[in-house]
Amino acid sequence: MALTEKERHDLKKFIKELEQYRGRHTEFVSVLIPAGYDINKIINHLSQEQGTATNIKSASTRKNVIDALERMIQHLRLFKQTPPHGLAAYSGNVASNEGQIDLKVWSIEPPIALNTRIYRCDKDFKLEVLRTMLDTREAYGLVVLDRRDANIALLKGKSIVPLVKTHSEVPGKFRAGGQSAPRFARLREGAAKEHYKKVAEYIKEQFLTYEGLKGIIVGGPGPTKYEFVEGGYITTELKNKIIAIKDLSYTGEFGLEELLEKSEDVLASEEVASEKKIMQAFFNKLSKKPGEVSYGDADTMRKLQMGAVEKLLLSDSVDDARFDEYEAEAKKVGSEVLLISTDTREGTQLKEMGGVAAILRYEVQD
């Protein structure tokens with residue numbers, strides 16, 4: 001499954017905090033509990049490991065491991081049962097100077113269900129499983145074509161990733177002197193079919209074995225897209241993955257952007273559509289009812305603290321400290337926090353406006 005921007009932000013922040021620590025010996029404890037696994041079994045296992053740790057020769061390492069395990073056990077006992085997605089927990093003495101004690105414990109219920117059980121003592125915290133969750137594997141295939149050009153791309157998360165651009169040998173609409181109209185028409189039809197075959201082959205190369213492909217959306221001006229889809233050029237397996245065919249005014253990169261715009265009905269469950277919709281609502285209010293929105297640090301924070309903010313829009317370019325400050329204020333007044341990616345055109349505009357904006361609960365006259 002693809003993560004929401006908020007889930008991605010929270011997970012990246014968690015990983016970043018733990019990445020900064022390094023142990024002097026194998027004394028950092030990492031525990032991953034799979035979804036559905038009995039947390040009491042893990043607690044019992046860690047208690048046994050405490051006994052085993054008494055055999056560690058180094059007195060300081062032995063103490064740090066036993067203390068980290070004890071802190072972990074105490075923390076896990078706070079949970080009545082394993083959270084629905086499992087639990088990733090970490091503990092250790094993170095003091096920068098040897099001989100000092102700064103024992104900490106962290107845990108997170110990951111946004112994707114864990115299916116791996118890990119207990120590890122090492123010089124660093126084992127974060128690989130969490131890092132893999134940041135990789136957006138699910139995607140949609142995008143195909144934009146007419147009789148002259150075709151572009152194939154992936155929609156990964158909110159980013160359009162270009163894959164293939166191709167141009168056909170279909171002659172223009174006007175025949176050369178001396179050519180008969182029927183012969184010219186046959187030449188054009190033959191070249192169009194070759195173009196379709198080539199595009200279909202590129203689609204097969206890019207999408208047939210792509211793991212996590214949720215569907216394919218095809219678009220283009222005029223009837224070409226229907227000729228292509230219904231003409232028997234695409235393999236049945238890939239044709240069955242086509243979830244929408246859209247009429248477009250453009251091809252090329254503009255066509256891909258337009259296809260994304262016109263596919264919001266199909267992508268309604270995807271974050272890219274909801275993000276674009278909320279940003280479009282913001283810009284619409286900004287142009288028509290500017291008193292119902294806010295942007296920029298000082299103005300938005302002031303209206304947030306007034307309790308006037310309904311939806312707080314934060315760019316993913318905002319640094320963690322600033323994000324945390326806004327999130328804390330939003331919690332006080334019950335404002336909804338939405339993290340907006342810079343992968344979309346609207347998200348880039350928000351970044352250029354300072355990275356902070358809001359849709360208000362009511363009009364505020366400055």
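Computed across segment 75-147, the Kirkwood hydrodynamic radius from all distinct Cα-Cα pairs reaches 15.7 Å.
The residue list G215, T342, S287 was ranked by how far each Cα lies along the charge dipole of the chain toward its positive end, using unit charges on Cβ atoms, and G215 comes out on top.
If each DSSP helix of 4+ residues adds -39,500 (n - 2.57) and the sum is divided by the residues in the chain, what number results at 222 nm, nearest 500 deg cm²/dmol?
-13000 deg cm²/dmol
Once you reduce segment 324-350 and segment 192-261 to the center of their Cα atoms, the two points are 35 Å from each other. At full extension, K204 and Y362 could sit 51.7 nm farther apart than now, given 0.36 nm per residue minus the alpha carbon distance.
Ordering of 251-260, 72-81 by packing is 251-260, 72-81, highest average first (other Cβ atoms within 10 Å, averaged per residue).
Report the one residue of A192, T251, A150 whose Cα lies farthest in the direction of the positive end of the charge dipole of segment 139-269 (charges on C-beta: Lys and Arg +1, Asp and Glu -1; origin at the Cα centre). Result: A192.
Please give the charge dipole size of segment 272-360, origin at the Cα centre, charges +1 on K and R Cβ atoms and -1 on D and E Cβ atoms. Round to the nearest 20 debye.
Numbers: 13 positive and 16 negative charges, 106 e Å.
Using Cβ point charges on Lys, Arg, Asp and Glu, segment 272-360 gives about 500 debye.
If R0 is 35 Å, the Cβ-Cβ spacing of Q100 and S159 corresponds to a FRET efficiency of close to 0.20.
For M306, put the label point 7 Å out on the Cα→Cβ axis and report which residues of segment 278-296 keep their amide N under 19 Å from it. Only 282-283, 285-296 fall inside the zone, counting backbone N under 19 Å. When percent of Cα pairs over 25 Å apart is computed from the coordinates, the matching label among (1) 53; (2) 58; (3) 67 is (3).
A P(r) calculated from all alpha carbon pairs of segment 1-66, with 5 Å bins opening at zero, reads 3, 13, 16, 16, 17, 17, 10, 5, 3, 0 percent. Taking every Cα-Cα distance in segment 215-343 and sorting them into 5 Å bins starting at zero, the pair-distance distribution P(r) comes out as 2, 9, 15, 15, 15, 10, 9, 8, 8, 5, 4, 1, 0 percent.
Straightening the chain between L187 and K41 buys 45.3 nm, computed as 0.36 nm per residue apart minus the Cα-Cα spacing.
With the simple spin-label model, which puts each label point 7 Å out from Cα in the Cβ direction, the Q50 to R24 separation comes to 2.4 nm. With the simple spin-label model, which puts each label point 7 Å out from Cα in the Cβ direction, the V266 to D122 separation comes to 4.1 nm.
Separation of the alpha carbons by more than 19 angstrom is noted, of K262/K289; K156/K285; K63/K123; K13/K41; K6/K351; K6/K331, for K262/K289; K156/K285; K13/K41.
Let me check I've understood the local charge: for H75, count other residues with C-beta under 14 angstrom from its C-beta, Lys and Arg +1, Asp and Glu -1. What total comes out? My count for the surroundings of H75 gives +1. Put a plus charge on the Cβ of each Lys and Arg, a minus charge on the Cβ of each Asp and Glu, and nothing anywhere else: the dipole of segment 214-337 about its Cα centre is then about 440 debye. The dipole here belongs to the chain: it is taken about the Cα centre, uses +1 on the Cβ of Lys and Arg and -1 on the Cβ of Asp and Glu, and is about 840 debye.
Values in this text are rule-based calculations from the coordinates and carry no lab data. Quantities reported herein were computed from a predicted structural model and do not represent experimental measurements. Methodologically, a virtual Cβ is constructed for each residue, glycine included, from the backbone with ideal geometry; neighbour enumeration extends over all protein chains shown.
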